1. So what's the stretch 34-78 giving for Cα Rg divided by 2.2 N^0.38 Å, two decimals?
2. Given a Förster radius of 25 Å and the C-beta distance between Asn17 and Thr72 as r, what FRET efficiency does 1/(1 + (r/R0)^6) yield to the nearest 0.05?
3. Suppose the chain between Tyr80 and Thr7 were pulled fully straight at 0.36 nm per residue; how much longer would it get relative to their current alpha carbon spacing?
4. Within the stretch 1-88, list the trypsin sites (Lys or Arg not before Pro) lying in a DSSP loop whose Cβ has at most 12 other Cβ atoms in a 10 Å radius.
5. Assign unit charges at the C-beta atoms only (+1 for Lys and Arg, -1 for Asp and Glu), then state the dipole size of the stretch 1-69 relative to its Cα centre in Debye, rounded to the nearest 20.
6. Set the Förster radius R0 to 30 Å, insert the Cβ-Cβ distance between Asp53 and His25 as r into 1/(1 + (r/R0)^6), and round the FRET efficiency to 0.05.
7. When only DSSP loop residues count, what GluC sites (Glu not before Pro) in the stretch 49-93 have their Cβ near at most 15 other Cβ atoms within 10 Å?
8. Could you check how much of the accessible area of the stretch 1-97 is carbon and sulfur, as a whole percent, using a 1.4 Å probe?
Amino acid sequence: MTEQPFTQYQLFHLKSNKLEEQIIHYYQETQDSSVTIQLLLAMKIRHMLGESDFELFLQDLVKHLFANNRITRALRRYFYFFREYFEEKEWEILSARCFPPAHVTTELMEVVSSTVEGNEQDTLESS
């Protein structure tokens, strides 16, 4: 389990500008999208508890995490909590990126499948 970079006291008592610079610094240092998205979710909770300074907190960082990083379990788990951070078109694209349809196959997968099937046919015929 990864160690959290901030204490509960820091997350719920520091001012938004101080937390903003510390979270950005933490992400730049570690590139840990899973912990960063959890920290941003905590800031969203602060906003929901009534602190208006945290509305759409670090929106650019949230967009960056979902658009540019490998989609991890944590990003998928918390994706729907950040709906209001995105415009409709962005949301559709990121939804498809985070949750690709199971039936989607690429040409490469089709080539590999037909090659494997062809090899099985050759093996059966030569037996």
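1. Working: Rg = 10.8 Å, N = 45, 2.2 N^0.38 = 9.3 Å.
Against the compact-globule rule of thumb, the ratio is 1.16.
2. About 0.35, to the nearest 0.05.
3. Numbers: separation 73, 0.36 × 73 = 26.28 nm, distance 2.51 nm.
In short, 23.8 nm is gained.
4. Lys15, Arg70
5. Details: 5 positive and 9 negative charges, 29 e Å.
Charge dipole, the stretch 1-69, about its Cα centre: 140 debye, nearest 20.
6. With R0 = 30 Å, the Cβ-Cβ based efficiency is 0.95.
7. Glu51, Glu55, Glu87
8. 50
The values are calculated or read from the model by the stated rules, or taken from the named source; none is laboratory data. Not measured: the values here are computed from a predicted model. Heads up, the Cβs are rebuilt from the backbone with ideal geometry, glycines too, and the neighbour counts pull from every protein chain shown. Calculation scope for accessible area: heavy atoms of the full protein, side chains included, ligands and nucleic acids excluded. Shrake-Rupley method; radii C 1.70, N 1.55, O 1.52, S 1.80 Å.
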